[in-house]
Amino acid sequence: MMHDLVVTGGPVATMDESLPQADWVAITHGVVTAVGVGEPPAAREVLNVDGGLILPGFNDAHCHTMWFGLSLAEVDCKSQGTLDAVYEALVERAREVGPGAWVLATGYNQEAFDGHYPDIQILDRLLPENPLFLRHTSGHACIVNTAALKIAGLSGDTAPDIPGGVIVRDAHGTPTGVLEERAQSVIQELLLPKSQSEMVAALDRATAVYATEGITSFTETGIAGGWIGHSPLEFSAYQTAREAGVLRARAQLMPVSDVLHPISGHTEDPHRRGLDTGIRTGLGDDFLSLGGIKIFLDGSMLAWTGAMSEPFAAGPADNYGYFQAEISNLRETMLEACASGWSIGAHAIGDRAVALALDTFDEAISRHGAPSIPHRIEHGGVVTDEQARRAAQLGVAIVTQPGFMPELGVQMSDAMGPERTPLIHRHQGLLNAGVMVAGSSDRPVATGRPLSIIQSMVERLAADGSVVGPQERVSIQDALWSYTLGSAQTTGMAHRKGQLRPGFLGDVVVLSGDPLRCPTDEIAGLDVVHTIVGGHFTLKDGEVQALPHR
Ligand SMILES: [Zn+2]
């Protein structure tokens, strides 16, 4: 047999237990056709990788690709060293866009600026004619100026609060410009929806970065509505990008629960809440498909808005965080979506939110059986041993982000206090309990580069040099497993990806060296040399490529 492509010249870590190490992998018509040791077979194209490690492509099971792609065109606060530099960058952008136009910025984290938020009076003086929307890096809060508050009808001390959100005010009741959780939606609605062309361009930018990092699959956790969506037509933008060859990785998309509405069919059908025509989880193909429904149960650890059973150790006293809606509503939404054939991805930071998710999944499974792809807990900021055991029993994946540690570890430890710090974004403890654990980033909340995250999974090193939950560190092998086969299991695709073995998708990443053989602190420093999706290069010798039109 003449294969289309053979990749050889370096060790192949297949993630296939029946042949863990090989010398070459052959791909034909986008699918792995053979894997072996010794002399590689004949092929139309032979890629000799000169000693780098050959792996199944990386799969980021929780990220916000559209948000990331859009943010690549916004003012980036993460790259600013001081608050003054942030102000300067905002003024510069205001000059570029002209009076009256929005200034869009992203990646703000007060911890990078000694705990300070931008001062609304300074913002108003610097940007008198431009409304500002500056996203907090968590996505769970934003910073605006008075021009933006005025347009939104939120200026002055009489503006009404928003259910599920907070307009932060000073001692006089005047808004400080910080809007938490759902309070952001009033501003965001002014900026949405994004056009198809803006969204396609964003996907092009975002997945060009993915190609350089070896990402061949991802799950976008929240499209089409809520504060995380960018247009009711977001799925269509993905289709267009795919057709144009600028969606350079396989995408599984999770609509947010806000877009579901009551539906019904024959009286025998259990369908209660879904999308028109009855489309549901699993629709699509190997390249673009519908995942579960994303529902926000609580808020963020950094913004102290996750629903905890014990108060936060930092911030206001006796703060247990909060749910994003009445518990009964959240429960009903999840159960009705499950009745209609949807899997659920429940955003749960606090252990109280994790408990609500597990209770509801338990009930949904006993009513409707196991879902077509696993129900998932997104983040699981704090998960107890008992909750981990229960998740394993129920077949629920916990999509944690150990990759947060370098950027956010200190802040998260402060928020949780020493007793709960070992429970933050666990990894080894979840694997021990038998829970499905994926590799994921929550990008753009934190870095999305798999090799950096894999190093963080192994080290769990915070910026102050502390190790966040030392017992939760995993081996390099398990970190690589999580980012490939673990993600495939979590996203219901373990029969098609996550391993290099015959019949599996021809998704390959080639690294400049072998993470299993280099010092741990050098993993992030390795390069991605080639990325292959379905037998086609998205990165060849470090150069980003488009995929064929289809
Ligand atoms: Zn997220």
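The values are calculated or read from the model by the stated rules, or taken from the named source; none is laboratory data. Only a predicted model underlies this, so the values are computations on that prediction, with no experimental measurement involved. Methodologically, a virtual Cβ is constructed for each residue, glycine included, from the backbone with ideal geometry; neighbour enumeration extends over all protein chains shown. All accessible areas refer to the heavy atoms of the entire protein, side chains included, with ligands and DNA or RNA removed. Shrake-Rupley method; radii C 1.70, N 1.55, O 1.52, S 1.80 Å.
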Area accessible to solvent at residue 283, 1.4 Å probe radius, in Å²: 90 Å²
Cα-based shape type of region 125-172, given that a ≥ b ≥ c are square roots of the gyration tensor eigenvalues and the cut on a/c is 1.5: oblate
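Determine the shape class of region 26-124: with a ≥ b ≥ c the square roots of the Cα gyration tensor eigenvalues, call it rounded for a/c under 1.5, and otherwise prolate if a/b is greater than b/c, oblate otherwise. Could you put the intermediate results ahead of the total?
Details: a/c = 3.94, a/b = 3.02, b/c = 1.31.
Since a/c reaches 1.5 and a/b is larger than b/c, the shape of region 26-124 is classed as prolate.
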Under the Debye formula (equal points on every Cα, no solvent term), log10 I(q)/I(0) of region 488-532 at q = 0.30 Å⁻¹: -0.95
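If you count the DSSP beta bridges with both ends in the chain, what percent of them are antiparallel, to the nearest 5? List each step's numbers first, then the result.
Values: 40 of 77 bridges.
Here the antiparallel bridges make up roughly 50 percent for the chain.
Per the helix-only calculation at 222 nm, which mean residue ellipticity applies to the chain, given -39500 (n - 2.57) for every DSSP H run of n ≥ 4 and division by its residues, nearest 500 deg cm²/dmol? Walk me through the numbers before you get to the answer.
Numbers: 15 runs with 154 residues, N = 550.
Value at 222 nm, helices only: -8500 deg cm²/dmol.
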Neighbourhood charge, 13 Å Cβ-Cβ cut-off, centred on residue 420 and excluding it, Lys, Arg +1 and Asp, Glu -1: -4
Region 313-389-region 475-550 distance, computed between alpha-carbon centres (Å): 30 Å
Residues with amide H under 5 Å from that of residue 530, placed H, sequence gap 5 or more: 510
Neighbourhood charge, 15 Å Cβ-Cβ cut-off, centred on residue 344 and excluding it, Lys, Arg +1 and Asp, Glu -1: -1
Region 286-403 - Rg over Rh from alpha carbon coordinates, Kirkwood radius: 0.98
Pairs of lysines in the chain (C-alpha under 25 Å apart; 8 or more residues apart or interchain): 5
Residues whose placed amide H lies under 5 Å from that of residue 24, excluding near-sequence neighbours: 36
Calculated SAXS-style log₁₀ I(q)/I(0) at q = 0.11, 0.20 Å⁻¹ - region 107-197, Debye, Cα scatterers: -0.29, -0.97
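Within 10 Å, at most 11 other Cβ atoms, and a DSSP state outside H, G, I, E, B define an exposed site. Report the longest part of the chain free of exposed GluC sites (Glu not before Pro). Walk me through the numbers before you get to the answer.
On the way: sites that count: 17, 129, 268, 326.
By the stated rule (loop sites, at most 11 other Cβ atoms within 10 Å), 327-550.
If you wrap a convex hull around the Cα atoms of the chain, how much volume per residue is inside, in Å³?
Numbers: hull volume 82.0 nm³, N = 550.
Value for the chain: 149 Å³ per residue.
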³J(HN,Hα) computed for each position of region 20-31 - Karplus, 6.51 cos²θ - 1.76 cosθ + 1.60, integer Hz, glycine/proline x: x, 10, 9, 10, 7, 9, 10, 10, 9, 6, x, 10
Cut-off under 5 Å, modelled amide H: who pairs with residue 178 long-range: 144, 168
J(HN,Hα) series, region 330-345, from Karplus relation 6.51 cos²θ - 1.76 cosθ + 1.60, nearest Hz, glycine and proline x: 4, 4, 5, 4, 5, 5, 5, 5, 4, 4, 9, x, 9, 7, 10, x
Region 83-122: Cα Rg divided by the 2.2 N^0.38 Å rule of thumb: 1.24
Share of carbon and sulfur in the accessible heavy-atom surface of the chain [1.4 Å probe, %]: 51 percent
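Given a 1.4 angstrom probe, what's the average accessible area per residue across region 1-94, in square angstrom? Provide the component values of the computation, followed by the final result.
Numbers: 3730 Å² over 94 residues.
With the other protein chains kept in place, region 1-94 gives 40 Å² per residue.
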In sequence order, calculated HN-Hα J values of region 383-396 (Karplus, 6.51, -1.76, 1.60; Hz; x Gly/Pro): 10, 7, 4, 4, 5, 5, 4, 5, 4, 4, 4, 7, x, 8
Accessible area per residue in Å² at 1.4 Å probe, computed on region 455-511: 30 Å²
Residue-level accessible surface for residue 495, protein heavy atoms, 1.4 Å, Å²: 120 Å²
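Please work out whether region 249-302 counts as rounded, prolate or oblate from its C-alpha gyration tensor, where a ≥ b ≥ c are the square roots of the eigenvalues and a/c under 1.5 means rounded, while otherwise a/b larger than b/c means prolate and anything else oblate? Please report the intermediate quantities before stating the final value.
Values: a/c = 3.21, a/b = 1.24, b/c = 2.59.
In terms of gyration-tensor shape, oblate.
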